[in-house]
Structures are given as structure tokens and as C-alpha cells.
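K.L.:
The following block contains the structure, expressed as C-alpha cells.
Bear in mind that the values in this text are calculations on the coordinates, not laboratory data. In this text, all values refer to a predicted model and were calculated from it rather than measured experimentally. Using ideal geometry, Cβ is built from the backbone for each residue, glycine included, and neighbour counts are taken over all protein chains shown.
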Amino acid sequence: AQTLLSTDQRFRDPALAASAYAEAWALNYFLLRTRKDQYVTFLRKLAVQPPLTPADEARRLSEFKAVFGGDLQKFDTEFIRYMSRIR
């Protein structure tokens with residue numbers, strides 16, 4: 001999830017866009033199902049940012065970590081484990 005969170009580059013690459021959107025959908029699904037309150041907090045933080053103002057990688061990651069915790073490897077493990085059970 002780290003590359004998905006830190007940059008939009010995969011969405012801009014035609015060869016990677018479909019997988020990026022699939023991963024983004026899965027991440028949204030996971031967060032809504034397992035961390036709804038944190039997700040709402042995160043979305044509210046994003047909503048107050050100036051529109052069309054891109055954030056750098058470090059800022060994007062720090063904002064995510066501030067809400068969901070700093071261990072992205074642990075987060076990824078939980079995310080992958082959860083999504084692997086979805087049929």
C-alpha cells in the first residue's frame with residue numbers, strides 16, 4: 001500500500017492504472033470494513049486540504065501514519081491477509 005499512498009504515478013501509467021485502481025478499491029474496502037472511524041478521520045483531514053494542491057510523498061505517508069499507525073509493513077500484512085479471504 002505504500003506506493004499507492006505515496007504517489008499517483010501508477011494511476012498515470014496506462015500499463016499500471018487498472019491494477020492501481022483495483023488496489024485503491026481494495027484499500028478503501030478494507031478500511032471501511034476494519035477501521036471505519038479512523039478512515040472517516042483520515043478523509044476529513046484530506047477534505048480540509050486546499051484543492052488541487054499535490055502533497056509530496058513524505059507528507060502523504062506521514063498523514064496516513066498519523067491516523068493508522070506508523071508500521072506500514074504491519075498494515076500491509078493485515079491488508080493482504082484480509083483481502084485474501086474475500087471471495
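K.L.:
Show me the helices of the chain, taken as full DSSP H stretches, that run 24 Å or more along their long axis by Cα and average -1.0 or above in Kyte-Doolittle hydropathy.
P.N.:
Span-like helices here: 17-34.
K.L.:
Could you calculate the FRET efficiency of Thr3 with Tyr82 from 1/(1 + (r/R0)^6), where r is the beta carbon distance between them and R0 is 25 Å, rounded to 0.05?
P.N.:
0.85
K.L.:
Got a sec? Charge dipole of the chain, +1 on Cβ for Lys and Arg, -1 for Asp and Glu; which of Ser6, Ser19, Thr34 is way out at the positive end?
P.N.:
Thr34
K.L.:
Using Cα pairs closer than 8 Å and at least 6 residues apart in sequence, work out the relative contact order for the chain, in percent.
P.N.:
Averaging sequence separation for qualifying contacts and normalising by length gives 39 percent for the chain.
K.L.:
Just one of (i) -0.55, -1.15, -1.22, -1.37; (ii) -0.74, -1.19, -1.24, -1.34; (iii) -0.59, -1.38, -1.46, -1.55 is log10 I(q)/I(0) by the Debye sum over Cα atoms at q = 0.15, 0.23, 0.24, 0.26 Å⁻¹ as worked out from the coordinates here. Which one is it?
P.N.:
The calculated read-out lines up with (iii).
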